[in-house]
Amino acid sequence: MIPRDHPRYTSLVTREHLADYARLGIVSWEGLIAHGRGEAFDYLLGEKTSESARRSAQTAAALLRTASHPVISVNGNTAALAAPLIAHLQKVSGALVEVNLFHRTPDRVRQIESLLQSAGAAVFSGEAERLLPLSHDRAFCRRDGMYAADVVLVPLEDGDRCGVLAAMGKKVIAIDLNPLSRTSNMATLTVVDEVTRALPVIADACSSLTDEECGDLVAKLDNKVFLKEARNEMKARLCHALD
Ligand code: ATP
Ligand code: MG
């Protein structure tokens, strides 16, 4: 039982929630470690959405809105943390939702798909094939889904798949708290923010941006600037703490 007045209440509840989902087999044990790395970077951000992250999330919405075949790729951590937020983003963006896992078993895929479906998402499922040039199981995707996408949103992605998707000519939107990761640096656009904070900002912008605003945001997109602003945000907080 976590006391409500604990200063780290939200973080502890989230950890317990992820541990429960790990026991169910939805989150991998390795996914718990990845969450810990994310928490460390979130501390450096002050656990809030920066102005820069808000602009990159709006740009993410503009990329989804202007895509002809957008796909949201979902792994175990994302499903456990944000299934209803994914379902909402799907509704406002019109993107396909497809499960893609590093630790892939047919059972895990089914569990994650049904978690997403019970949150209201229409999951693009069916036979996945080994279509991406990767030696691990993130190579599996659907020919008419992620393989054919022009824009792919990849929350909590692994760097090598991000690189492969970008090399295939897709626009890749990452949500990653680590502005130094390979994923962040290989993506077309990185939202350096916690996934449950970033997704609602992206969804709101999908609903509210005009076509003209979408065009402007896409034309101005410079991921190096967003990553630099995220690093500066962290640097400023560290410097302030050392004063
Ligand atoms: P890369 O392969 O890109 O170099 P990595 O191997 O260091 O990255 P992975 O384990 O592949 O990291 O992916 C986990 C990433 O997801 C980490 O960078 C972590 O900061 C980020 N992350 C974890 N939890 C969250 C979260 N809730 N919201 C946003 N990002 C998160
Ligand atoms: Mg990795």
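The values are calculated or read from the model by the stated rules, or taken from the named source; none is laboratory data. Since this is a predicted model, take the numbers as computed values, not measurements. All Cβ positions, even for glycine, are placed from backbone atoms using ideal geometry, and neighbour counts span all protein chains on display. Ligands, DNA and RNA are excluded from the accessible area calculation, which covers all protein heavy atoms including side chains. Shrake-Rupley method; radii C 1.70, N 1.55, O 1.52, S 1.80 Å.
Please work out whether the range 19-98 counts as rounded, prolate or oblate from its C-alpha gyration tensor, where a ≥ b ≥ c are the square roots of the eigenvalues and a/c under 1.5 means rounded, while otherwise a/b larger than b/c means prolate and anything else oblate?
Verdict is oblate for the range 19-98.
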Report relative contact order for the range 85-198 in percent, whole number only (criteria: Cα-Cα under 8 Å, sequence separation at least 6).
-> 17
Which GluC sites (Glu not before Pro) does the range 57-128 hold that lie in a coil by DSSP with at most 10 other beta carbons within 10 Å?
-> Glu127
Once every DSSP H run of n ≥ 4 in the chain is given -39500 (n - 2.57) and the sum is divided by its residues, what mean residue ellipticity at 222 nm do you get, rounded to the nearest 500 deg cm²/dmol?
-> -18000 deg cm²/dmol
Rel. contact order, % - alpha carbon contacts under 8 angstrom, at least six apart, the range 51-240 = 27
Give a quick list of trypsin sites (Lys or Arg not before Pro) in the range 10-82 that DSSP marks as loop, anything other than H, G, I, E or B, with at most 14 other Cβ atoms within 10 Å.
-> Lys48
Determine which lysines satisfy two conditions relative to Lys228: a Cα distance under 27 Å, and not lying fewer than 8 residues away in the same chain.
-> Lys48, Lys170, Lys171, Lys220
When the accessible area of the chain is split by element with a 1.4 Å probe, what percent falls to carbon and sulfur?
-> 55
Please calculate how many Å² of accessible area the chain carries per residue, with a 1.4 Å probe and no DNA, RNA or ligand atoms counted.
-> 48
Obtain the radius of gyration and the Kirkwood radius of the chain from its C-alpha atoms and give Rg over Rh.
-> 0.95
At a Cα cut-off below 20 Å, give the aspartates and glutamates reachable from Lys224, other chains included and same-chain residues fewer than 8 away excluded.
-> Asp42, Glu51, Glu157, Asp158, Asp160, Asp176, Asp193, Glu194, Asp216, Glu233
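Restricting the count to DSSP beta bridges whose residues both fall in the chain, what percent are antiparallel, rounded to a multiple of 5?
DSSP beta bridges in the chain are roughly 10 percent antiparallel.
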How high is the relative contact order of the range 1-142, in percent, counting Cα pairs under 8 Å that sit 6 or more residues apart?
-> 19
Could you give me the percent of Cα pairs per 5 Å distance bin for the range 157-201, shortest bin first, beginning at zero and ending with the bin that holds the maximum distance?
-> 5, 28, 32, 20, 13, 3
